[in-house]
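First the structure, in the form of structure tokens, and then the observations on it.
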């Protein structure tokens with residue numbers, strides 16, 4: 001059942017596919033538990049790991065989210081750090097530096 005398009009990657013969002021994929025289901029549950037705008041900023045941050053025009057697999061996105069949440073507590077400080085990181089990297093990418101992230105050192 002198609003319910004829309006992803007505002008970040010513009011791929012079709014199919015609800016039945018989410019529930020068929022264990023990693024997607026776990027990722028959705030994990031994001032739903034996060035306070036305030038933390039989930040939105042974490043999703044944008046995870047998108048920085050996407051290579052070129054390739055999609056990020058649900059299992060990779062889940063692993064990245066779990067890594068961040070294992071290092072930092074989900075609070076306003078993390079939300080702000082994620083937001084600032086995404087903003088700064090998007091500025092760099094607009095200037096031509098389009099290398100994807102490979103670790104969480106920038107946070």
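What follows draws every value from the coordinates through simple rules; no lab data is involved. Model, not experiment: these values are computed from the prediction. When we count neighbours, we look across all protein chains shown, and the Cβ atoms used for this are built from the backbone with ideal geometry, even at glycine.
Which option, [x] 2, 12, 24, 22, 16, 11, 8, 4, 1, 0; [y] 2, 12, 21, 25, 20, 13, 6, 1; [z] 2, 10, 15, 16, 14, 10, 8, 7, 6, 6, 4, 2, 0, is the value of P(r) over Cα pairs in 5 Å bins from 0, in percent that was calculated from these coordinates?
Working out P(r) over Cα pairs in 5 Å bins from 0, in percent from the coordinates points to [y].
Under a 10 Å cutoff between Cα atoms, tell me which one of 42, 15, 34 has the largest fluctuation in the Gaussian network model of the chain.
Fluctuation is largest for 15.
Sort 40, 76 so that the residue with the fewest other Cβ atoms within 10 Å of its own Cβ comes first and the one with the most comes last. It would help to have the intermediate numbers written out before the result.
Numbers: 40 17, 76 11.
With the fewest neighbours first, 40, 76 line up as 76, 40.
Using the count of nearby Cβ atoms within 10 Å as a rough guide to exposure, how do 21, 12 rank from fewest to most?
Numbers: 21 16, 12 10.
Taking fewest neighbouring Cβ atoms as first place, the list is 12, 21.
Starting from 0.36 nm per residue, how many nanometres of slack lie between residue 28 and residue 16 once their C-alpha separation is accounted for? Display every interim value, and only then the final one.
Working: separation 12, 0.36 × 12 = 4.32 nm, distance 1.30 nm.
Using 0.36 nm per residue and subtracting the Cα-Cα distance, I get 3.0 nm.
When the chain is modelled as a GNM with alpha-carbon springs shorter than 10 Å, which of 41, 80, 14 fluctuates the most?
Answer for the Gaussian network model of the chain: 14.
Once fully extended, how much extra length lies between residue 87 and residue 70, figured as 0.36 nm per residue of separation less the alpha-carbon to alpha-carbon distance? Each step should come with its number before you reach the end.
Working: separation 17, 0.36 × 17 = 6.12 nm, distance 2.26 nm.
Full extension from residue 87 to residue 70 adds 3.9 nm.
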